[in-house]
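*Asks:* Below is the structure I would like to discuss, written out as structure tokens.
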Amino acid sequence: MAARKVEPAKAPAAAPKVAGKPAKKLSGKEQKELETLPAKIEALEQEQAELTAKLADPSFYKKEAAKFAEVKKRLEIVEREHATAFARWEELEAAKNGG
């Protein structure tokens, strides 16, 4: 997690040095990643909402107690993936917009 927090901090530190310069051009790979991240983030948010609703349903625990832990673990994974994807999207947007 610390690595994710360090990466975005580098972009703002570089921004004052390039004040007045046009936005950085992203590589083809970065541009493609930037284009696909919103859909990935949206899918993760949807799955997160579905899992949260399932866990909040008392009948789910009563009927499928064995799956409860599995669903909870998947929710934790989805939350981490969402945070990572969102941080990466912010980082690419900042780079694209020059800081």
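*Asks:* Quick check on this structure: which one of 76, 45 is in a helix (DSSP H, G or I), over 30 Å from residue 24 (Cα atoms) and at pLDDT 95 or above?
*Replies:* The conditions single out 76.
*Asks:* While we're looking at this one, here's another question. Please go through region 24-53 and pick out each residue that is touching a Lys or Arg at 6+ places or on another chain (Cβ under 9 Å) and more than 29 Å from residue 94 (Cβ to Cβ).
*Replies:* The answer is 51, and nothing else.
The values are calculated or read from the model by the stated rules, or taken from the named source; none is laboratory data. Keep in mind that this is a model prediction, so the values were computed, not measured. For neighbour counting, all protein chains shown are included, and Cβ atoms are generated from backbone atoms with ideal geometry for every residue, glycine included.
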